[in-house]
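Colleague: Starting off with a structure, shown below.
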Amino acid sequence: MPVSLSDPKCQITKLRAMALAPKFTGIVSLISSTFIIQHVLRDRRRRGLTYHRLLLGMSISDFFGSLMCFLSTWPIPRGEACLAAGTTMTCTAQGFFNQTAALTTPTYNISLAIYYILVIVKGWKENRVSKIEKYLHALPIVAGLGTGFAGLALKLYNGAGWICWIAPAPNNPERHNPNYGIFRLAFLYADAWAIIIFLAICMCVIYFHVLKQEQKLDKYRASFAQKKRKQSKKIRNQAYLYVGCVYMTWIFGSIFRFMELAGLTPPTYITILFVTFFPLQGFFNLTTYMFPRILRYFEEGIPLTQSFERRRSSFFSSFVTSARNSISRRRSSQATCPDGIVENGENGHAREAGAEADNEDDNAIEEGTTGENGTFDGEKDSIDELARIVEA
């Protein structure tokens, strides 16, 4: 008999909402993660950058997590939940992918935070970061798959109300583990809360570092300092937004679990907010991923479609681009006034003086004279590089 909303369990508002809400937000997150995946894979430059490959790994993980949330109660054994139509095997499979993705995705935020720390605070360049990239991928993948397979071995995956995960099975003694609450904490929630604290510490380190660099910039001309501040704030805000994605995903789930640990019954609205927001990290990631491109559109008028264009590796196209740039530079260096005479006199000297001032500021950065330890130049170069990478 096919399942439907006429099922007796679906007549309870809370159970019906738990079954339906994740399907809507899950499919939104699924589409969002798919967009990021194809956006990275279709472009050879993005495929070659550590930042985008980390986002690729996170989005692949979230793709499976969002798919499990979209399925919601369907894989749960028939009769155990609203719209449940599965078996023990389908529930076990969903529980494995759910646990693996639920830990892998937020753990990738640790790798992103480490990436931002290395680039913004330590001044690492792309070629140096790429040498440790394998460890940034290994951490979330090992954590997710490790706990996922452990749950399989311990037969922990059962219907958990709105999805299959670590849960009791009082009607199936073979699969019932009285310590399921401990495994929930050890395999996911304790890890997630530790990740949230770690990310908060990383963002504080980045904030105070950027603040310190902005104070060093005060000795330069206002226009130059403003330009550098703008780049630093863009990157800092981008890092904050990715952390915000984790917080928005986990806030209601954490409230739900804290109330359970305190022996309280979470109210219906908290439960619904939990199952609605938990699948949305892919959507939050997409909004953050597109944010610098949207900002660039409003500030510089660069169309969003430019970032969707596919870049192909071609010697001929690279040669043509190089030739065009060379011609453009030559023409700009030979620019003349309307009368056909190159500017001289007071106006010309004023332009030269302004150019020399700009060069002095740039040279000051290049020579590392802004900080006592002489590292400010490398940090600023790496931040400029990261700004270009994020907007790629």
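Colleague: Which one of LEU30, LEU54 is of a type in the set (A, V, I, L, M) and closer than 22 Å to ALA113 by Cβ?
Modeller: Of LEU30, LEU54, the one residue that is of a type in the set (A, V, I, L, M) and closer than 22 Å to ALA113 by Cβ is LEU54.
Colleague: Within 13 Å of the chain's Cα centre (by Cα) and in a helix (DSSP H, G or I): does that describe SER66?
Modeller: Details: within 13 Å of the chain's Cα centre (by Cα): no; in a helix (DSSP H, G or I): yes.
When the stated conditions are applied, SER66 does not pass them.
Colleague: What residue, among those in region 139-173 that are over 23 Å from LEU20 (Cβ atoms) and polar (S, T, N, Q), is surrounded by the fewest Cβ atoms within 10 Å (Cβ to Cβ)?
Modeller: For region 139-173, the residue satisfying everything is ASN171.
Colleague: Could I ask something else about it? Among the listed residues GLY151, GLY146, which satisfies the condition of being more than 19 Å from ILE197 (Cβ to Cβ), free of Cβ contacts under 8 Å to residues at least 40 places away in the same chain and part of a helix (DSSP H, G or I)? Don't jump to the end; show me each part of the working.
Modeller: Values: GLY151 fails: free of Cβ contacts under 8 Å to residues at least 40 places away in the same chain.
It is GLY146.
Here's the yes/no breakdown for (1) at pLDDT below 95; (2) surrounded by 15 or more Cβ atoms within 10 Å (Cβ to Cβ); (3) not in a helix (DSSP H, G or I):
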residue: GLY244; (1), (2), (3): yes, yes, no
residue: LEU264; (1), (2), (3): yes, no, yes
residue: VAL275; (1), (2), (3): no, yes, no
residue: PRO279; (1), (2), (3): no, yes, no
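Colleague: Let me spell it out: the conditions are (1) open to solvent by 30 Å² or more (accessible area, probe 1.4 Å); (2) assigned to a helix (DSSP H, G or I), and GLY79 meets all of them except one. Which number is the exception?
Modeller: (2)
Colleague: For region 106-135, what are the residues that are open to solvent by less than 10 Å² (accessible area, probe 1.4 Å) and in contact with a Phe, Trp or Tyr (Cβ under 9 Å, 6 or more places away or on another chain)?
Modeller: PRO106, ASN109, SER111, LEU112, ALA113, TYR115, TYR116, VAL119, VAL129, listed by residue number.
Colleague: Every residue in region 204-242 that is modelled with pLDDT under 65 and small (Gly, Ala, Ser), please.
Modeller: ALA222, SER223, ALA225
The values are calculated or read from the model by the stated rules, or taken from the named source; none is laboratory data. Remember, predicted model here, so these are calculated numbers, not experimental data. Using ideal geometry, Cβ is built from the backbone for each residue, glycine included, and neighbour counts are taken over all protein chains shown. Ligands, DNA and RNA are stripped out before the accessible areas are found, and what is left, the full protein with its side chains, is counted by its heavy atoms. Shrake-Rupley method; radii C 1.70, N 1.55, O 1.52, S 1.80 Å.
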